[in-house]
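Below is one structure, written out as structure tokens; the observations come after it.
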Amino acid sequence: MIDALDRRIIAAVQLNGRAPWSGIARWAGTSESTAQRRFNSLRERRLLHVVGAVELDRTGSGSSMLVRVQARPGKGLELAELLAERPEVRFLALVTGTADLIVDFVAHDNEELLRLLYTDLPGAHLITSTEHVAVIRTFTSAALWDTGLLPPEAVADLRPGRTLPYERAGWDQAPTPLTELESAVVGELAKDGRLPVSTLARTLGRGESSVARALDRMVARGMLHFRTLVEPALLGYEAEFMLWLSIEPGRLEAAGRQLAEHPGTKFLAAATGRFNLVGHMVLPRRTDLFRYTDDVIGALPGLVASDITLHLVTLKGAWTRLDQFV
């Protein structure tokens, strides 16, 4: 469906969702016009989309609750479609293993979470059991994932000064709520993360300079990141899975830092519950899981138990239906 040039363009955009066409073209090895044409073609074919998304812990926009769901036999896809329609669902995947669906709910407070999980859960009649895991600290996120398809020089150029969340100073400081203008900018970028500042300003009826300052401020403070939504298989990663780990108290920080550095780690967070370290991972082939289990999981400090749920299909990511790009 795509060729090597398409993959290099995707890899460049993954490093920086708002990278200028000149930078994307340079590292993809093509002209700016070709890079832009190829990008637009990928988007029109619904293979690629860039969206802006807020950092929950930096903005106080809500908290994440990962839910492992067991569906009634034969009802997993029907249930997934019902859940995907909910605006509170940030991520949703159909998986195989000890769960049928993995759902990431984002709730603003306990009252909303209570309603979502206990009184107003869509498709409750199709569910046999659930297990809730509250995210309490992020080690790395999908926006920071490096596909490995471009050289380190490209990373330094397109993603200057970018640090992993656990390396940020004051990661546990109180969040800074978004201003009215910042919220409006985020709302537009959630539809298209590459919208020019001029378009944003015109849509919002605000001056370009004020919009540009708001955007730069949110990015600089780690309040806003850009997600490049693409199926990992298109980039050569056939095995996509969630990793659920139980780590001894006192070893969680060390285990999280170690696993966050692995090139296959797209997302990793500390959590509550029997699984206190949860990750979203990719590998080139499913057969690689054997060595990964022995060499990567087995080497983690304080490991007590592990579980893997293999992805069958991902319906939603960064609040966006992956089959409904526009």
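The values are calculated or read from the model by the stated rules, or taken from the named source; none is laboratory data. These figures come from a predicted structure and were not determined experimentally. All Cβ positions, glycine included, derive from the backbone under ideal geometry; neighbour counts span all protein chains shown. The accessibility values were calculated without ligands, DNA or RNA, using every heavy atom of the protein model including side chains. Shrake-Rupley method; radii C 1.70, N 1.55, O 1.52, S 1.80 Å.
Anyone know which of HIS225, HIS262, HIS280 comes out most mobile in the 10 Å Cα GNM of the chain? Ranking HIS225, HIS262, HIS280 by mean-square fluctuation puts HIS262 first.
With every protein chain kept in place and ligands, DNA and RNA left out, what is the accessible area per residue of the range 122-266? Probe 1.4 Å, answer in Å². Spell out each step's value before the answer.
On the way: 6760 Å² over 145 residues.
Each residue of the range 122-266 exposes 47 Å² on average to a 1.4 Å probe.
Please identify, among THR34, THR272, THR128, the residue showing maximal mean-square fluctuation in a Gaussian network model of the chain using a 10 angstrom Cα cutoff. Of THR34, THR272, THR128, the most mobile in the Gaussian network model is THR128. Give me log10 I(q)/I(0) at q = 0.16, 0.22, 0.25, 0.27 Å⁻¹ for the range 1-75, Debye formula, one equal scatterer per alpha-carbon, no solvent. Ignoring solvent entirely, the Cα scatterers give -0.69, -0.89, -1.07, -1.22. The value for the chain of Rg(Cα) / (2.2 N^0.38 Å) is 0.98. As a length-normalised measure over Cα pairs under 8 Å and 6 or more apart, the relative contact order of the range 243-287 settles at 43 percent.
Counting only other residues whose beta carbon sits under 11 Å from that of HIS280, what net charge do I get with K and R as +1, D and E as -1?
Values: positive: LYS266; negative: ASP104, GLU240.
Residues close to HIS280 contribute a combined charge of -1.
How charged is the neighbourhood of ASP3? Take every other residue with its Cβ under 14 Å from the Cβ of ASP3, and add Lys/Arg as +1 and Asp/Glu as -1. Charge balance in the 14 Å sphere: +4.
Specify the angular offset, from 0 to 90 degrees and rounded to the nearest 10, of the alpha carbon long axis of helix 180-189 from the longest principal axis of the alpha carbons in the chain. On a 0 to 90 degree scale, this one is about 90. Of PRO196, PRO73, PRO20, the residue with the greatest mean-square motion in the GNM of the chain, using alpha carbon springs below 10 Å, is PRO73.
The angle between the Cα long axis of helix 4-15 and the main principal axis of the chain comes to about 80°, on a 0 to 90 degree scale. Comparing Cα centroids, the range 201-260 and the range 1-64 end up 13 angstrom apart.
Our Cα-only numbers for the range 1-135 put the radius of gyration and Dmax at 19.2, 54 Å.
Could you work out the relative contact order of the chain? I mean the mean sequence separation of Cα pairs under 8 Å and 6+ apart, divided by the number of residues, in percent. Reported relative contact order: 26 percent.
What net charge is computed for the residues neighbouring SER209, neighbours being all others with C-beta under 14 Å from the C-beta of SER209, Lys and Arg scored +1, Asp and Glu -1? Please report the intermediate quantities before stating the final value.
Values: positive: ARG202, ARG206, ARG213, ARG217; negative: GLU208, ASP216.
Net charge around SER209: +2.
Measuring nothing but protein heavy atoms, the accessible surface of the range 165-293 at 1.4 Å probe radius is 52 percent carbon and sulfur. Across the range 130-145, the residues whose backbone nitrogen lies under 15 Å from the label position 7 Å along the beta-carbon direction of GLU261 are 140.
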